[in-house]
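Down below is the structure, laid out as structure tokens.
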Amino acid sequence: MSEVKIHAETRREFGKGAARRIRRENKVPGVVYEHGLEPLHLTLPGHELLLALRTPNVLIDLVVDGEGSQLAIPKAVQRDAIKGHLEHVDLLMVKRGERVTVEIHVHAEGELAPGGNLLEHVIPTLPVEAEATNIPDGVTVSVEGLEAGATILAKDLVLPAGTKLAVDEDTLVLQVLAAQAEEAAGDEDEGAEA
């Protein structure tokens, strides 16, 4: 798991106009939530934050107004639908050793059985509980030789040490679908004559 240091400033202006001014300066408005405390409104550097968020479940070492540092993980990221720019970010303060619930990607490797079968990712990300400083990047599962009708449930995945499922163990994660055979054009013509 990667850890990125980001320097932020406390935000004192609120509303759409203030948010637009912040974005024009290539910064991103954000809110940090911590258990039992009032939310902290921040202004974060846009480019640094964008680079950090390329890593799923990145651990951010947040330095606010040049004082000390605290660990945070991203909880919600809003992007401009057309340009992809960061609009707003919500962060959650965490402590070393604290367990958090996050979503990790499920990666399939291997070739399905011959016959044109299709692999469906029923849930592409899996909710898990892990230590905040040891969140896995994802989980990999082999689909080598699986035939149509085969399924992989959450309980079938081998999770990294210290990680537990945060969903029902019988949740369907992947399934193999049979290829759909196309009807020959001649069969359709015969049906139309009858």
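The values are calculated or read from the model by the stated rules, or taken from the named source; none is laboratory data. Worth saying up front: this structure is predicted, and the values here are computed from it rather than measured. Backbone-built Cβ (ideal geometry, glycine too); neighbour counts: all protein chains shown. Each accessible area value is taken on the protein alone, full model and side chains, heavy atoms only, with ligands, DNA and RNA left out. Shrake-Rupley method; radii C 1.70, N 1.55, O 1.52, S 1.80 Å.
Placing +1 on the Cβ of every Lys and Arg and -1 on the Cβ of every Asp and Glu, with no other charges, gives the chain a dipole of roughly 1980 debye about its Cα centre. Convex hull volume of the C-alpha atoms in segment 1-108, normalised per residue: 124 Å³. Here the Gaussian network model covers the chain, with springs between Cα atoms less than 10 Å apart; of VAL58, VAL128, VAL77, VAL77 fluctuates the most. Note on segment 58-100: Kirkwood radius taken over Cα pairs, Stokes-Einstein applied at 10 °C and 1.306 mPa s, translational D equal to 134 µm² s⁻¹.
Longer than 32 Å from Cα to Cα, which of LYS83/LYS155; LYS5/LYS83; LYS75/LYS155; LYS16/LYS75; LYS16/LYS164 are they? Say none if no pair is. If you can, show how the numbers build up before the last one.
Numbers: LYS83/LYS155 39 Å; LYS5/LYS83 26 Å; LYS75/LYS155 25 Å; LYS16/LYS75 21 Å; LYS16/LYS164 40 Å.
Where the Cα-Cα span goes over 32 Å, the pairs concerned are LYS83/LYS155; LYS16/LYS164.
Net charge of the neighbourhood of ALA52, taken over other residues with C-beta under 15 Å away and scored Lys/Arg +1, Asp/Glu -1, is 0.
Measuring with a 1.4 Å probe in the full set of protein chains, what accessible area per residue, in whole Å², belongs to the chain? Present the calculation step by step, with values, prior to reporting the outcome.
Numbers: 11630 Å² over 194 residues.
Heavy-atom accessible area per residue stands at 60 Å².
Binning the C-alpha pair distances of segment 58-140 at 10 Å intervals from 0 yields a P(r) profile of 14, 32, 30, 16, 6, 1, 0 %, listed from the shortest bin outward. Apolar share of the accessible surface for segment 1-78: 49 percent from carbon plus sulfur atoms, 1.4 Å probe.
From the helices alone, meaning DSSP H stretches of at least four residues, give me the mean residue ellipticity at 222 nm for the chain, per-run term -39500 (n - 2.57), in deg cm²/dmol to the nearest 500.
On the way: 3 runs with 25 residues, N = 194.
Helices in the chain give a 222 nm mean residue ellipticity of -3500 deg cm²/dmol.
Fully extending the segment from THR133 to LEU37 would add 32.4 nm, taking 0.36 nm per residue of separation and subtracting the current Cα-Cα distance.
For the pair HIS47 and GLU13, a Förster radius of 25 Å applied to the C-beta separation gives a FRET efficiency near 0.70, rounded to the nearest 0.05.
Remind me, relative contact order of segment 1-133 in percent, using alpha carbon pairs under 8 angstrom and six or more residues apart? Each step should come with its number before you reach the end.
Numbers: 238 pairs, mean separation 31.3, N = 133.
Relative contact order comes out at 24 percent.
Taking only the Cα atoms of the chain, the ratio Rg/Rh comes out at 1.16, with Rh defined as the Kirkwood radius.
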